[in-house]
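Data block below; observations after.
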Amino acid sequence: MLVKSHPLGAAGLLPLRTVSATVASFPQLAAARTPRVEASLRRYVDRLPDGCPEQLREAIAYSLLAPGKRLRPLLALMAAEACGSDSDEAAVPAACAVEMVHCYSLVHDDLPAMDDDDLRRGRPTCHKVYGDGLAILVGDALLTLAFDVLAHDVRPASAAVACCRELARAAGAGQLVGGQADDLAGVDAANDLESLKSIHRRKTGAMFLASLRLGAICAGANEDQHRALEDYGAALGLAFQISDDLLDVEGNEAALGKRVGKDAGRGKLTYPGLLGIEESRQWAVALVDEACTALAGLGQRAASLEALARYVLERDR
Ligand code: GRG
């Protein structure tokens, strides 16, 4: 199956120079990689230390092994591949670590004190099943486990240190946690595109970038490769967030596995709310093109990253 051509291409715009004209579809590319990630995530849960109470282990498994799209692990694996790694095996621990941090952020975000959600990945949220206290601890355990995994399983030790540093920065007060804090404080309430972008760059974009960087570190990437992935990730993170906002307006709850219409219902500022649906969609298309163009220097090995970017425009979950 071929990746769909650019929607604006049909409207007569110049074709974009990207890395691949023909590549397997994103679902095929994902299906070839996610089983390894799923198996490793399960192994990490099975190997939680003896002192972990059974209910905590069960709640961690409930959230971490739920059917997420695994986009961040895929970004890590595909980045390693794009930087010349012959086997993406070396990047699997890093791929699992980014998913653990992402999953922690979802569990905490769903709590009543934050976004107060009752549905995630098609299931009742962690706190609905296990209570607020245990859900907080699930997040704490996952965040900690991510660094344990990097420290123990990324080789060589210099790469493990670099991965810990990158992930700590992306998950910390200046990025993921800071963006969430500004979101909670309603900093975007001024109807200001820049503050909305700043929140999402930290809440969503930073973890996308960290996923790519960790994959690149595991592959021993050079500076040019890091720079290309940085440009790709920045554009992709924003496109993903815009598509997330569009799905909140137009998406289907059953397919998404989470509630829709919450943002608008709460008067939260979103891209469709600020720019309208059509302009938001066109911006997402342009950003995905920008992301794919950034991959040009990486050659054919970056074809799966291109497919992932195109999928962001087509996804229904
Ligand atoms: C609690 C520190 C802290 C941060 C929470 C994750 C998050 C930050 C907020 C969730 C709401 C939000 C901003 C969503 C933006 C896009 C996003 C992160 C969507 C969820 O990611 P997907 O669609 O989810 O990749 P799956 O379940 O497929 O992994």
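The values are calculated or read from the model by the stated rules, or taken from the named source; none is laboratory data. Just so it is clear, the structure is predicted and the values come from calculations on it, not from any experiment. In this analysis, Cβ positions are derived from the backbone assuming ideal geometry, glycine residues included, and neighbour counts consider all displayed protein chains.
Details
- Only residues that are more than 22 Å from the chain's Cα centre (by Cα), in a helix (DSSP H, G or I) and in contact (Cβ under 8 Å) with a residue 40 or more places away in the chain were counted across the stretch 34-57, and they come to 2.
- Residues within the stretch 93-127 that are within 25 Å of Glu306 (Cβ to Cβ) and either touching a Pro at 6+ places or on another chain (Cβ under 8 Å) or near the ligand (Cβ under 8 Å from one of its atoms) (or both), tallied: 5
- Annotation: Lys203 fulfils all but one of (1) at pLDDT 95 or above; (2) within 24 Å of Cys126 (Cα to Cα); (3) surrounded by 21 or more Cβ atoms within 10 Å (Cβ to Cβ); the unmet one is (1).
- Filter result for Met100 (in contact (Cβ under 8 Å) with a residue 24 or more places away in the chain and over 15 Å from Ser211 (Cα atoms)): no
- Lone qualifier among Asp118, Asp110 - being of a type in the set (Asp, Glu), surrounded by fewer than 18 Cβ atoms within 10 Å (Cβ to Cβ) and in contact with a Ser or Thr (Cβ under 6 Å, 6 or more places away or on another chain): Asp118
- Yes/no for His127 being surrounded by 22 or more Cβ atoms within 10 Å (Cβ to Cβ) and touching an Asp or Glu at 6+ places or on another chain (Cβ under 7 Å): yes
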